[in-house]
Amino acid sequence: MNKRIGILTSGGDCPGLNAIIRAVVKCASLKGWEVYGIPYGTDGFLRLEQKQCSSDDLKLKEHGYDLPGILHGIDILQFLSGSILGSLSKGNPNDKAIAKTIIQGYQDLGLDALISVGGDGSLDIIYDLAQQGKWNIIAIPKTIDNDVPFTDRSIGFDTAVDKVTSALYDLTFTAASHDRTMIVQVMGRNAGHLPLRSGIAGGADIILIPELTPQIDTDLIHNICIHIAKLRCSGRKFALIVIAEGVKNLQGEKEKYIGDYLAEKIDQASHKLCLSDQPEFCDLEKIETRATVLGHIQRSGMPSSYDRLLAATFAKKAIDLIAEAKYDQLVVKQNGDVGSQPLEKVVTHIKQCHQKGFCPNPVNPDGFLVETARSLGIYLG
Ligand code: F6P
């Protein structure tokens, strides 16, 4: 049976969103289905109801958008970062009238199902709306933080790991030229997956993630200084520190620039150590630090082949689920296989974690990656 489906992207963007849109449109078109792209997350339904756009404007073509002739049919969408649909991280539409209009937008578009590509912040919002509006919904996880529960991977994470790893490579040589300690602040909100993986792959000497060092304290700073001094004695005159943005300051509060904060603390503590008669510090005035905030660079760039492949398989699974009329599912990757999990279970878990201020899918402190980092001599606090 012919179907009319919608697709939207919500929450922070990441590489691979366009690859999903492309793959959804391809799989659906081959079945003879129509696909409508909802602009700016659920806000698109509002815009539709407010007549800021028409349903015809939202219809996606086989390549996901109109190809300008000069591209000779090059299927460029899967290589582009961001989302051609636009995305919003606006929070829950608490206003009942707004929620009602959004719900009406789905009905007026005549959708049989909606594919929502989002992270842990937007999954619960869309699920609530879907429940209220009796929408047939399938969710696809995306986020560079990789903190969506019940899936080993979310779209965008792999590319972000590559980005940070490549930044660490670039910083290595300037750090080495000046015998400096480079501190790199990495995104991830309250999760440490991105800093941990990229730190190991990028040759970091110290990795600080919220799961292992929720907050900086004086012992930690002292130990970092000692670790760096020992590296110097062993011939490595510079150091790379990766710090997750979710690590808190000495007062247990979030800092916008936790990397700079740590740099200052290391400067001060190492200067004191240098004035003492610690042999490792005898040739130093202090450990010289520089901090870099990678920021939104981590959310851009051509999606890695892994993310493009993941996008293709997640899109195919979403279309399969719609064909089977198996709704209210989150497409997931678990133990190497693509499958799905009931959204109710996923969202309940996310809500419980958010209420308690926990990350819904943290790094396992006893897991093999942490063990690997320690085995390589990386200091983790
Ligand atoms: O959730 C993805 C993410 O990039 C986090 O890693 C980061 O803390 C946050 O979004 C930044 O959000 P914004 O783009 O709204 O500043």
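Each reported figure results from applying straightforward, stated rules to the coordinates on display, with no laboratory input. Values in this document were obtained by computation on a predicted structure and should not be read as measured data. Positions of Cβ are backbone-derived with ideal geometry, glycine not excepted, and every protein chain shown enters the neighbour counts.
Before moving on, here are some points about what is shown:
- Axis angle, to the nearest 10 degrees, between helix 258-275 and the longest C-alpha principal axis of the chain: 10 degrees.
- Leading residue at positive end of dipole, the chain (Cβ point charges), from 12, 123, 318: 318
- Net +/- balance of residues flanking residue 270 in space, Cβ distance below 15 Å, scoring K and R +1, D and E -1: -2
- Note on the chain: GNM, Cα springs under 10 Å; of 290, 180, 236, the largest mean-square fluctuation is that of 236.
- Shape call, segment 160-299: gyration tensor on alpha carbons, a/c limit 1.5: oblate
- Coil-residue trypsin sites (Lys or Arg not before Pro) of segment 99-143, DSSP, other Cβ within 10 Å capped at 15: 134
- Selection among 334, 113, 94 by position relative to the dipole of the chain gives 113 as farthest towards the positive end (Cβ unit charges, Cα centre).
- A simple charge model with +1 on the Cβ of Lys and Arg, -1 on the Cβ of Asp and Glu and nothing else charged puts the dipole of segment 10-166 at about 240 debye relative to its Cα centre.
- Candidates 111, 80, 250: whichever shows maximal mean-square fluctuation once the chain is modelled as a Gaussian network with Cα springs under 10 Å: 250
- Near residue 365, once Lys and Arg are set to +1 and Asp and Glu to -1 for all other residues with Cβ below 13 Å from its Cβ, the sum equals -2.
- Segment residue 237..residue 107, full-extension length gain: 40.4 nm, with 0.36 nm per residue of separation and the alpha-carbon distance subtracted.
- Pairs with C-alpha atoms separated by more than 20 Å, drawn from the list 142/333; 248/333; 3/317, are 248/333.
- Using Cβ point charges alone (K and R +1, D and E -1), the dipole size of segment 160-299 about the Cα centre works out to roughly 380 debye.
- Here the residues 270, 89, 305, ranked from fewest to most Cβ neighbours within 10 Å of their Cβ, fall in the order 305, 89, 270.
- The charge dipole of the chain, taken about the Cα centre with unit charges on the Cβ atoms of Lys, Arg (+1) and Asp, Glu (-1), comes to about 640 debye, rounded to the nearest 20.
- Within the chain, helix-based [θ] at 222 nm, where runs of 4 or more DSSP H residues each add -39,500 (n - 2.57), nearest 500: -13000 deg cm²/dmol
- DSSP beta bridge pairing in the chain, given as percent antiparallel to the nearest 5: 20
- With a Förster radius of 45 Å applied to the beta-carbon distance between residue 282 and residue 368, the computed FRET efficiency rounds to 0.70.
- Scanning residues 5 or more positions from residue 332 or on other chains, those with amide H under 5 Å from its amide H are 339, 340, 341, with H placed 1.01 Å from N in the peptide plane.
- In degrees, nearest ten, helix 17-30 long axis to first principal axis of the chain (Cα): 30
- Axis angle, to the nearest 10 degrees, between helix 96-108 and the longest C-alpha principal axis of the chain: 60 degrees.
- Lys/Arg +1, Asp/Glu -1 at C-beta; the chain dipole; positive extreme among 137, 228, 279: 137
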